[in-house]
Every structure is written in C-alpha cells, then in structure tokens.
Amino acid sequence: MAGGNEEREEQGHSAAFSREYAYVEKAYATLEKLRARIERSMRQALELPRGGTPQARLERDVTIETSLARLARLEVGGHPLLFGRIDQDDEEQTSYHIGRISLSDENGDPLVVDWRAPVAESFYRATTLHPMGLRRRWHLGVAHRQLVGLEQEELVRTGRDSEAGDLVGRASLYAALERPRTMEMANIVETIQADQDELIRRPLNRAIIIEGSPGTGKTAVALHRAAYLVYTYRWRLERQGVLVLGPSESFVRYVRSVLPSLGESGVEVRSIAGLREPRVQSMPGQDTAVARLKGDERLVRVLRKAVRDRERPLRQAVHIPFGSRILVVSPELTQRAVRAGMTVRGRHNQRRKAVEDYLARELAIEFLRNGQLSTSPADLDDNVINLFDDDLDLPLQLPEESEEDIIKDVVLQLRRAENFQRVMERIWPVLRSEEVLFDLWSREPLRQLAARSILSDEEIALLARPAEQSLATVEWSDEDVMLLDEIDALVGAHEPKIYGHVIIDEAQDISPMAARVVRRRASKDSLTVLGDLAQALSPFRGRTWSEVLAPFGVVDFDLVRLPMNYRSPRRLAEAAGRLRGCILGDQADHEVPIRLVDGHLDVVVVDRGALVAHLENQLRQWLGEAEGTVAIVVPDNAVPLLDLICKCKVDVTRVFVASVSGVKGMEFDSVALVGFDTVEETDLLMRSVYVALTRATRSVSMVFLDSVPGWVEFVLA
Ligand SMILES: Nc1ncnc2c1ncn2[C@@H]1O[C@H](COP(=O)(O)OP(=O)(O)OP(=O)(O)O)[C@@H](O)[C@H]1O
C-alpha cells in the first residue's frame, strides 16, 4: 500500500515537474517577446527624422525614455526570472507564480508576480499552522533559464505535524546556505523566511530597530526592505530616494550588487563618512581617545562656538579710501553690523548678507550726510572723514535723484570695493568647513576660545593636529568628516539631500556626531536601524539602543529580534554563543543556529618570523579544498601586523585582509584570526574575537604569536 502511495507521489511529482518546466519556458519566452517589442518601438522612435515639430520631438524623447525605463525594469541579469508558486485554497484553485519582476501573458493575466506585491506575502509567510489561504507552496529551482528542481510544501493540515521552526522551503534554503561565498553578497529573495519577510514589509513611517546576532540576516533584511519600500511606495520614494548606510567602504562594495540583482536601481548604498558632499578622503581615526572625543555630542557646542567666534566686531577702526574720501569703519559700527547679522534667521554664510547690507548702508548714509548735506568739519563724526573737501567727485545728489537712490549707488560701489570686503572678511568671513576645522585643530588660541567652557584642558589638547600638515595635505579621519558635516550645517555650506527612508546597518557603533549626519538626511521616524550591541567595537560600545538612537532624534521605536542564525556552523555558533554571554552578561539572548554542518575551529601558535609562510600555507589549503573566500583578520590598530601580513602572496579575488572593523558585516567561508593575543582590554578583546570569528561560514583558525591565551580554552570549551 505504502509502495503504491510512493509511486503515485512520484508520478504526480514528475507531472508537476513537466508542467512547471513548460511554465518556466513560457515565462522566459514572454519576457523575450516583450523586450523585443519595446526595443522595436524604441528603434522606430530613434529612426524618426531628427527635425519635426516640438510636439513630435517631445513624443520621440518620451518614447525612448519610457522604453529604456521599461527595459531596465525587465532586467533580471543572470538571476532566475521566477522561483516560486502558490496554490490558493479556494474553489477556483487560483495559483500565482512568484518572481523578480511582474509579467503578464498576452491576455493580460499575471504570468509572474513581483515578490514584493501583496499577493506574494503568503509565499514567504504561510505555515502549516497559519496557511494564509494557501493549499500548497512550490519552490522552483531555475538555472540557465530552465527548471532544474522543484520542492513542494503542503500547507493545509495533512494529518502530519508541522515542522518545528517552520522553515519555508527547507531544501531550497539549505541549498542556498551551503553555497560557497564570493566577494559580493548574494540576494536571498528566493528563500526569505517568514520572520524576515514580516520585517521587510513593515510600513514606511515608523522607526524600527532590528537586532540580531551575527548571521541572523540583518543585512539581507536591510537590502530587501530597501527594494520592497521603493516598489511599494514608488510614488513617494522615487523622488526622495532610499538610503542604505553601512559601516565602511569595503562593506559598501560587498553589498553593492544585491539591489541591482533585485531589479532596483533607486537605492543609494553608502558609508556614513561617504555621505558628505563634496567627498573628502578619510580614514578611521587611530587614536581611541581622540575618536571618542570627536564623536561626542559636546562637539556640537564647540563647533557652534567656533563659528560664532568668527562673527566679531573690529577692535580698531579701519580706514577705507572711497572716491576722494576716506571712510572710517569704527569698532562700534561693526558691533552694530554683527548684531544685525545675529538677529536674522539662517546659517552663518547666508546671514553675512545682512551684515554687509547694514555696514554698507550705514557707511553710505554717513557718506551722504557728510558729502552731500554738509561738508563742515563740525558735522563729521568718527565714521566718515572727509579729507578732500575741495575735490568732491562723489555721486552728488542731482535734482531728480532721491537720497535713497544715492545710498543705493554708494552701497553698490562699496560692495565692490576690495577694502570693504576685507573688513567683511574680518568681521563676518565666508566660512569653508575644511578651513574652520583645520584652523581649530591647528591653532591653540582658537581651540581654547571655542572649547574652554565645554571641554577639559586635556581634552582640548587631544584635539591638536600635527603642525607639519597644511590645509592641502591634511589627513582627515572619518570622525573629522562628521564634524565637517556639522560645520556645513552651521555655516550653510552644502544643503544635504533628505531621503524618504534611511536604513542603517551595523548601527551599534555609530557615534552621536555621526548620528547627526544621518539625522540631517532622514525624514522624521522613517528609519530602519539594524545592529547587534555585542558587536560594538567603537569607543561608544556598551550603550543601550535608546542611547544609540537618541542622537538620531528617535525616541519612539519598535524593537524586534531576528531569531535564527543562517551563517555559522554549529561549532562556531557554540563558541560565538559563549563569547556573547561574556560580552552581554545577563542580557545575552541566544539565536538558533539552523545550519547542520559542524565547521572547523583550530588554534595554532606561530613565530612572527614564520607567520607569512604559515598563512600562505593555510590559504593554499583552504582555497584548494573548496570554492569560496577567505579573510585574514587582525585586531584594530595592529598596523605593523597588518603590514607584515600584506607580504603574503594572495589571490585578491578570493582573499581579503583587514582589521576587525574592516570586516564588519561581511562574510567569508574561512577566516584566520591573527594576533588576538595583543589586545589589552578584555571587553574589547572578547568583542573583537566575536566579530572576527562570526564572519566564517565554514572554518576558523586562530593564530597566536606568543602562546595560547587563557581565554581560548573558555571559547573552545
Ligand atoms: N532567508 C535566507 N535565505 C538564504 N540565505 C540567508 C537567509 N537569511 C540570511 N541568509 C544568509 O545568511 C548570511 C548572514 O546574513 P547577513 O549577512 O544578512 O547577517 P547579519 O545579521 O547581517 O550578520 P552580521 O551581524 O554579522 O552582519 C548571509 O550569507 C545571508 O545571505
């Protein structure tokens, strides 16, 4: 009897396979036909004579533009056009195929439904417990435009128990997880799990924090959420855009192909230091105390004061030759002019106009009074000295000219006068952020003036820059870039673009000053923040989520946890769990590792002189064993060690060498941790090892240069 059942099941399966095989062929054929039709109409438009009426030219341009946009929307690259099917549990037994884009057949009926459309939700979320109106779900394995695999899941109660954990498309998921990694992250659109989907589809305008241990899919959720939001809120977000922020430029390179592979080009992916326009070259700061101080929100007040210190009256009168006269710009007059600048709204550079207007007008009035109405010495005051009474070539009032006309004329001429502009530069200069910060870091009196009442003397001293650098050769740190952006906002140098939604990955390390950079570009509460407090490495580690979020201006948010680890093999997940407990104490929550493989973890001690040869050997072994990628990771700031390791001959298409902060958010098949016996502070050491160890999908080797430290036994227990 059982044998008969199996046979029928097999026959049913092969019939289903043939049916789906034909469906996939049809979908691809339809896609090609549609592309050909669009290309034809675009060619026809291109072949039209160039001249014609403006109307005809406009129509031609519109046809070409819309055709290009439609072709771009149909682009799936080498990725499967479709990958799923849902059968609804209704009378008509309606079914939909789910794929990367929407496609209709010649009757206008849906052939493929975009994975982001509401109807596709049940494909990702239905379980036997909550089938969401589905009878069945299929996962289609498509390669080279052909069906190569088919997985079927019955969702109506069949008498069988639902599987614990209810993974969606278990076989397809495991196949995806065991694939060797490349230097670029892959999309997960075919195997998104229910808890991930629920977060991807959350509405736009509510701040959410998604936290999870390493490998729980935070970055994957971040990128798929960006694609979902652009699709669902296209009318709003097309203009404003969606911004995804990561911790470093190497992270940006690592994830950059995911969105295009989802057919989305309307999302910007950047590092926070890369947000400021115009871009300046910068590096993470090497000195922890300096980085901490420069990220501190008190710097807002220091910078405000530094800008205000540039708005200052003259100490001594200045004489401006003007025509046959000499105008005197007294300290008192400049005081009034500066006050006039302070009372108007706006940023420093924009308010300069009010100062200039005031000063020029006051001088013009005096000029007029003394030159026009009276030239007797008794009428002269401090501001205007008329030296050449007999030689007047000033714009004397003609009968038809009003006094106001003459004032305007003088103001105009004064504005053009070099000496007048020199006074303006003294009392209210046009500020460039780079100059302000450079001066502040290099000139002790300016630093004292700006920071005296806000920072301690030791802190003020920490901010000093090496004297030998000039503005042209200065090396900015990433922390400096956040301060440059703050000054931009104070002086009104560059208006930042405001995005409709901002997604921030690896947010646990973002300093308060960096958070303000993001805040200036985000619409209120339209934020998705992802991270893991245990992976915080910066001088700001140890904060709660409320503390991380406060400088973003977010007080009200939903906090959600991702519960499953898709990356670490069992052994590595166990070691990571112990480290996590150590870092977070009672707060530590533990995710469920779902991969079935054990993975490898070994420990070696190697003499510094033999390190390069050892690593080259290890790389040969790992890269020879299987396809995939390798990272060699050293602690942050271990510059000599990094220099030594850079002597290894490596295949850069498969090997990545970096410090811990440089591999944040990334993933490799095998990882060598080198020199983690040199980090002095225990908390930072545990966190660094935790981040580095959890990059691996397969093997980890810990390489020590002296002896095996005591904590290793605990990690391996
Ligand atoms: N539903 C899924 N289907 C297939 N692969 C998945 C799924 N979810 C996550 N993964 C894979 O698991 C790995 C870890 O995901 P991801 O990098 O997004 O984790 P993370 O939480 O951001 O980790 P970290 O905190 O270390 O940055 C990636 O290779 C990702 O493609």
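Values in this text are rule-based calculations from the coordinates and carry no lab data. Computed from a predicted structure; not experimentally measured. Because the Cβ atoms are built from the backbone with ideal geometry, glycine has one as well, and the counts that use them run over all protein chains shown.
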Under 16 Å from residue 647, Cα to Cα: aspartates and glutamates that are on another chain or at least 8 residues apart: 607, 616
The chain: antiparallel DSSP beta bridges as a percent of all, rounded to 5: 35 percent
Set of lysines near residue 408 by C-alpha distance (under 18 Å), chain-local residues within fewer than 8 positions excluded: 353
For residue 136, residues with placed amide H under 5 Å, excluding near neighbours: 87, 155
Highest-first arrangement of 657-669, 539-551, 325-337, where packing means the average Cβ count within 10 Å: 657-669, 325-337, 539-551
Theoretical gain in end-to-end length, residue 494 to residue 470 [0.36 nm per residue, Cα-Cα removed]: 6.3 nm
Relative contact order for region 531-683, counting Cα pairs under 8 Å that sit 6 or more residues apart, in percent: 19 percent
Partners for residue 649 among lysines (Cα-Cα distance below 16 Å; same-chain residues under 8 apart left out): none
Unit charges on C-beta of K, R, D, E only; dipole of region 523-630, Debye: 120 debye
Stretch gain in nm, segment residue 347-residue 570, where the contour uses 0.36 nm per residue and the Cα spacing is subtracted: 74.7 nm
Cβ crowding within 10 Å averaged over residues, with 133-140, 603-610, 59-66 ranked highest first: 133-140, 59-66, 603-610
Sequence-distant residues sharing a close amide H with residue 142 (under 5 Å, placed H): 148
Lys/Arg +1, Asp/Glu -1 at C-beta; region 200-333 dipole; positive extreme among 229, 329, 269: 329
Theoretical ellipticity at 222 nm over the chain - DSSP helices of four or more residues, -39500 (n - 2.57) apiece, nearest 500: -13000 deg cm²/dmol
Too-long pairs where the Cα-Cα distance tops 31 Å, listed order kept, from 305/524; 305/664; 218/497: 305/664
Unit charges on C-beta of K, R, D, E only; dipole of the chain, Debye: 640 debye
Highest average packing first - 625-631, 560-566, Cβ atoms within 10 Å: 560-566, 625-631
Cut-off under 5 Å, modelled amide H: who pairs with residue 328 long-range: 320, 384, 385
